1. How large is the dipole of the protein assembly as shown about the Cα centre if only Lys and Arg carry +1 and Asp and Glu carry -1, each at its Cβ, rounded to the nearest 20 debye?
2. List the distances, in nm and shortest first, from the label point of A:E143 to the matching label points in every other copy, placing each point 7 Å from Cα along the Cα-to-Cβ direction.
3. Take the residue pairs A:K97/B:K87; A:K28/D:K28; C:K200/D:K80 and return only those whose Cα atoms are more than 24 Å apart.
4. Could you grab the relative contact order for the range C:31-151? Cα pairs under 8 Å, six or more apart, rounded to a whole percent.
5. State, to one decimal in nm², a quarter of the convex hull surface area for the C-alpha atoms of the range A:132-171, i.e. the direction-averaged projected area.
6. Would you calculate, for chain C, the mean residue ellipticity at 222 nm contributed by helices, counting each DSSP H stretch of 4 or more residues as -39,500 (n - 2.57) and dividing by all residues, to the nearest 500?
7. Just rank B:L188, D:L105, C:L166, fewest to most, by other beta-carbon atoms within 10 angstrom.
8. How well do other chains shield peptide D:184-197, expressed as the mean number of their Cβ atoms within 10 Å of each residue Cβ?
4 protein chains.
Amino acid sequence: MLKKLSAEKQLEILEIGIAEFAEHGPAKANINVIARNSGVSVGVLYKYYENKDALFLACLRHALTALERVISEVFQSSDKMLARTEKLIRALQRSAKEQPCYHILYHEITAGSCRQYASVFAREIEEISAAAYGALITQAQAEGTLRQDMDPRMFAFFFDNLLMMLQFSYCCDYYRERFEIYCGRDALSDDDKVASELLKFFESAFTTERSQIQHQN
Amino acid sequence: MLKKLSAEKQLEILEIGIAEFAEHGPAKANINVIARNSGVSVGVLYKYYENKDALFLACLRHALTALERVISEVFQSSDKMLARTEKLIRALQRSAKEQPCYHILYHEITAGSCRQYASVFAREIEEISAAAYGALITQAQAEGTLRQDMDPRMFAFFFDNLLMMLQFSYCCDYYRERFEIYCGRDALSDDDKVASELLKFFESAFTTERSQIQHQN
Amino acid sequence: MLKKLSAEKQLEILEIGIAEFAEHGPAKANINVIARNSGVSVGVLYKYYENKDALFLACLRHALTALERVISEVFQSSDKMLARTEKLIRALQRSAKEQPCYHILYHEITAGSCRQYASVFAREIEEISAAAYGALITQAQAEGTLRQDMDPRMFAFFFDNLLMMLQFSYCCDYYRERFEIYCGRDALSDDDKVASELLKFFESAFTTERSQIQHQN
Amino acid sequence: MLKKLSAEKQLEILEIGIAEFAEHGPAKANINVIARNSGVSVGVLYKYYENKDALFLACLRHALTALERVISEVFQSSDKMLARTEKLIRALQRSAKEQPCYHILYHEITAGSCRQYASVFAREIEEISAAAYGALITQAQAEGTLRQDMDPRMFAFFFDNLLMMLQFSYCCDYYRERFEIYCGRDALSDDDKVASELLKFFESAFTTERSQIQHQN
DNA sequence: GATGAATGAGCGTTCATTCAT
DNA sequence: AATGAATGAACGCTCATTCAT
């Protein structure tokens, strides 16, 4: 369906759309505003996207693709679990600050206004990371670098929960505010501190069992 | 706010409102539907609540008060850290299943459509739990039941992150779907398993440091 | 669904609607104009009629009911065929001049823009008159006041064709123009002449057969 | 009007336009669809036709010219009134089945959406046939093959009314449905029956007067 | 000249809010 | 005070028309 609109224009529409949808949510976002801000007419929007919903989904997909790229880059490396985790944390911190709207939009799918897409998108998005994390963790357990006594899938789940909350804490208004309340006004800027603290939190979870066994002896 | 409507009616309005706002999100929720379902006229709604926003906030406050009660009940006890954590997990599991809309509404504040209330509500809601968790953790560190090498506020933050994600995973469509993807179709019903796994994850974080020091030796 | 709007207001909306739909056709008729001209808000229109289509159908039904009344009044009488036909012609002439829009709307159903309702409305409207005319004609044949050698249904069909064209010729712009071209500028005002000529045309069709048989002898 | 487009292309545009206008009515017909289906750009359409209206009128004129040809072919012959009438009926039946859209378009001018062209087109189209029929009838009366006691113009009018309704009954959805209701499901296919019955109806009108005089004696 | 992407006025429809009863 | 009918601004979407290429 996309044909002639210059690639940059297409991208601009998506970027503007992402900003609008992220700012007001899919329900309150205004198609006419997106058109105006993109410097195109509504007609163009409707030439390329069947309706508001379709445009929203296109914005979403664009944002998610970018986020996936961030994650998958980290997964290219052959680092050990902890090193990789640190890279992941750093990448999310950077990305959430550089492209907050992408992460906000990701968060938006979890809200009620997107209820209709919930199951479709959950499968599309989370299945990938669930599999990646699950595999990583199973492998780590096999190598003995991760405690043996936890369900790897649940471990992956808690692991990703912390990462999701981390990214949202850098860009979603409410979570950012909460972040400051919990960790102090500087938390948002002191990425090193946050990264190292989260890493410590993870680290213990990774390695405790053996030590606990020692401890019990 | 006037005071003539019977207490039950007021409550009913709030309950119905919570259901409607939770189902459709604040933007798409329909005031006229709330009135009809509550068995009152829109006129009454506007007598008691200045506008849709005000009604939403009232519903929100009602839901949050109930959630706070759940938490604070757990905090009444003088249990040790781990025991208390388990109680918290169990309470959240139960509450998220019994009153999903309350939790959904809580989640809704974090979405873009509520951007305007973000900072106000974050303070109102999170300051309490942040303080409670922070105090608990500081105390636990003092007592030696919690590792010393972590920032207590950050620790509280990660701790609460996991609990928030837990509650959302039981009632918000997207998170529930994701929960199943990560942990399997039975995760939603096997509360014991989830509770024990999350507890293990926490436990290690609580106690690792000493053992790691041992480990380093 | 109709509940509180005063009966007169309801009627006014229908009348204004009929005028608007008759003037511009269903596709070009403007809901906001109908609302404005009726002295109500669009909201009211949409409270009583689900959408433009539903309003159009309501207008149509209103007009058709009035037209049916005109016809059925003529059919109350126990006149002979010819007398009744004359009454019918006169009634249609009068009605088409007094309430042109009703007839125009009836004509509108036959146009392409109403294609979707064609079969439903044809059954609803024409079945009644087809049956009435058919019965009348069969009876007339039995009584010997009508030629025997014609299919009564086809006879009824041609009979009604002439009456339909007659009514349209008094109110639909094109047909009126055509009427004048065929019959002269005065035709539109000289109802007596038109009635008597049409009657003569019918009369011969009613009674020819016997005489033709005589003729053939 | 420019003259560069190949004659075939011009014709194709008109044919496609006729189909589109006939199917959806002038108001809902879509210029862009006509362009696409014709294999030309909208730009070309607007080069040759000032606007949608002009294109519609061109389609109309094309359709009407074809219909006139059908009629005028019948009028070439030097048949007697009845024979000629039969030929006319047959020609209309055939044409209405072979090129339904042409007849549908003709019918469309009579609808409200074409109100603006009513008088112009009525003159253009009906004056010719009115004159032809009028002359024919006057001549027939002079020859004594037609009853003397009727206004020839009115006679021509009723005569044409029946023919118009006949052609519409073969192609316009509503009229076709009505045709079946009046004359049975087979009427549409049994052209012979319809032609003969209509001819009988006419025949009597042509010749009644004398026989009635005889009858009165 | 031909193209068809782009335009944007215009309309159908919704629903938060008001106010006459 | 309570009602709920009525309001009308606002927004999604269409498509006749234009114009840069």
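Coordinate-derived values only; no laboratory data. Bear in mind that the values here come from a model prediction, so they are computed numbers and not experimental data. Please note: Cβ atoms are built from the backbone with ideal geometry, for glycine as well, and neighbour counts cover all protein chains shown.
1. 700 debye
2. 3.8, 10.6, 10.8
3. Values: A:K97/B:K87 36 Å; A:K28/D:K28 31 Å; C:K200/D:K80 22 Å.
Table pairs above 24 Å Cα-Cα are A:K97/B:K87; A:K28/D:K28.
4. Working: 51 pairs, mean separation 22.2, N = 121.
Reported as a whole number, the value is 18 percent.
5. On the way: hull surface 11.6 nm².
Projected over every direction and averaged, the Cα hull of the range A:132-171 covers 2.9 nm².
6. Values: 10 runs with 173 residues, N = 217.
It lands at -27000 deg cm²/dmol.
7. On the way: B:L188 16, D:L105 28, C:L166 22.
The fewest-first ordering by Cβ neighbours comes to B:L188, C:L166, D:L105.
8. Values: counts 4, 0, 0, 4, 0, 0, 0, 0, 0, 2, 4, 0, 3, 8.
For peptide D:184-197, the averaged partner shielding equals 2.
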